[in-house]
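The structure appears below as structure tokens.
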Amino acid sequence: MNTPFHNWVLLELGGSSSQSVVWDASSNDWSFQSGILRDPERKTALACPGLIRGKQVWYASNLGWPEQADPSHELGIEQIEIVTNDASAAALGEAYLRNPNQLPELYFIGLGSGVGSAAVVNGAIVEWNLGHAQIGGDASCAGCRAHGCLNAYLEARALPKPIDGQTLQFIAETLAQGMVVAGSDPERLVVLAGGISRQYPELAERLAKLIPNSVEASKAPAAAKSAAYAGLAYLVHQQS
Ligand SMILES: [Zn+2]
């Protein structure tokens, strides 16, 4: 049986790794492959860092792309039909993995190379700028170039290694502070995702103690880089 996904590659690009996800008809399940799959027989749905305008990607500096980039050109892939921001795709994916028939409302926080954030409201992505919320101080953000931006404190390279309990508490407190600045509905679920959140599940518990919202870890399967593939699947499904 053909699903709406059989002729698609769902591609997630990141600063540290990329993943291609295709529907495997024989196992009737997703197949997760590391790297960039270039299959001229398939269309591509792309999730990547940066600001998306149409199918152009701006400011994806951690991919090594120019300020304004055409992903088809950068990747050497012709049929890129869907382009979306990685945090937006992951937010949508977290909602889709919780209830594909009626997407629950949620805030998504992804702690990776940078801090990604987005909200899902009424079944659609809404901008929620926690990642670049102004929390004060001198730290300079490589993404938005502002001083005192949350991302400047919590992007991967700004954090000490290894991450100890004190650092986890700092991350939780900084996120809680950012949520006040970014504005947030206390009733809405917060999903904490990304490499650091996966590695340190207690981070979600620490954050839950500091904010009125419920906090859950990502529902992305272990093989997935993030829930972005599920968000892309949702967008493909909507298009078909
Ligand atoms: Zn910033």
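Summary table
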{"read-out": "Hits in segment 70-85 (condition: closer than 13 Å to A233 by Cα and either at pLDDT below 95 or of a type in the set (D, E) (or both))", "value": "E81"}
{"read-out": "Failed item, numbered, when M179 is tested on (1) crowded, with 18+ Cβ neighbours inside 10 Å; (2) in contact with a Lys or Arg (Cβ under 9 Å, 6 or more places away or on another chain)", "value": "(2)"}
{"read-out": "Output for segment 104-148, where each listed residue is closer than 20 Å to G14 by Cβ, modelled with pLDDT of 95 or more and either near the ligand (Cβ under 8 Å from one of its atoms) or hydroxyl-bearing (S, T, Y) (or both)", "value": "S117"}
{"read-out": "In segment 157-177, the residues that are within 14 Å of the ligand (Cβ to nearest atom) and touching a helix residue (DSSP H, G or I) at 6+ places or on another chain (Cβ under 9 Å)", "value": "A158, T174"}
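Yes/no matrix, rows are residues, columns are (1) closer than 15 Å to I82 by Cβ; (2) touching a strand residue (DSSP E or B) at 6+ places or on another chain (Cβ under 6 Å):
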site	(1), (2)
H6	no, yes
V9	yes, yes
V22	yes, yes
N28	no, no
Y59	no, yes
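The values are calculated or read from the model by the stated rules, or taken from the named source; none is laboratory data. Keep in mind the model is a prediction, meaning the values are calculated, not measured. We place every Cβ from the backbone using ideal geometry, glycine too, and count neighbours over all the protein chains shown.
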